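The values are calculated or read from the model by the stated rules, or taken from the named source; none is laboratory data. Small disclaimer: the values here were computed from a predicted structure and weren't measured. Cβ: placed from backbone, ideal geometry, glycine included. Neighbour counts: every protein chain shown. Surface accessibility is based on the protein's heavy atoms, side chains included, excluding ligands, DNA and RNA. Shrake-Rupley method; radii C 1.70, N 1.55, O 1.52, S 1.80 Å.
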Amino acid sequence: VRQHHPVYDFEDGLQGHIAVPAALAEEDFIIRRRDGLYAYNLAVVVDDMDSGITEIVRGADLLEPTVRQIALYQTLGAPVPDWVHLPLAVLADGNKLSKQNHAPALALDEVRPALWQALHFLGQCPPPELMASRIDEIIEWGIANWQLERVPASEKIPLDLE
């Protein structure tokens, strides 16, 4: 698609004001691949529009595609959702904690500590005694006590798996 709605900046609910380099803001990008399939950026925007999505929460590794997606919302004359890009957990080598980088799987018999650690990673300050609670109680605590302003405004946070 020819870029007719360059996005030079946007506000992120956690990362704050995001300034976009002109080269990225003005860049033309593909919305239909050579094989005839529609590219992810267009597909996700149309799906979100159809679903009435007003807020998008995802990893900070997707800040760059957000620029293209905002441009598509504007091109299609649709309201642009609000964005929150959470920090990524990264390993010592700097790679994000993900299965594509062969991160260790969570032990299914240790879900409670993993949930507690996730809340802690996201700055929510769960009390230590919560780790011994039932899974549904941990989730309920997380919902009841969630405060976005506690989440570190960082794109990456090193994670110690030791």
**OP:** Evaluate the following for Ala19: is it open to solvent by less than 70 Å² (accessible area, probe 1.4 Å) and of a type outside the set (Ser, Thr, Tyr)?
**Re:** no
Subject >> strands (runs of 3 or more DSSP E) within the stretch 1-63 that include 1 or more residues free of Cβ contacts under 8 Å to residues at least 24 places away in the same chain >> reply: 9-12, 16-19
Original post:
So which residues in the stretch 22-55 are open to solvent by 50 Å² or more (accessible area, probe 1.4 Å) and among the polar types (S, T, N, Q), if there are any at all?
Top reply: Ser51, Thr54
Original post:
Got a sec? Which of Ile53, Ile70 is under 20 Å from Pro21 (Cβ atoms) and of a type in the set (A, V, I, L, M)?
Top reply: Ile70
Subject >> Flag if Asp61 is at pLDDT 95 or above and open to solvent by 20 Å² or more (accessible area, probe 1.4 Å) >> reply: no
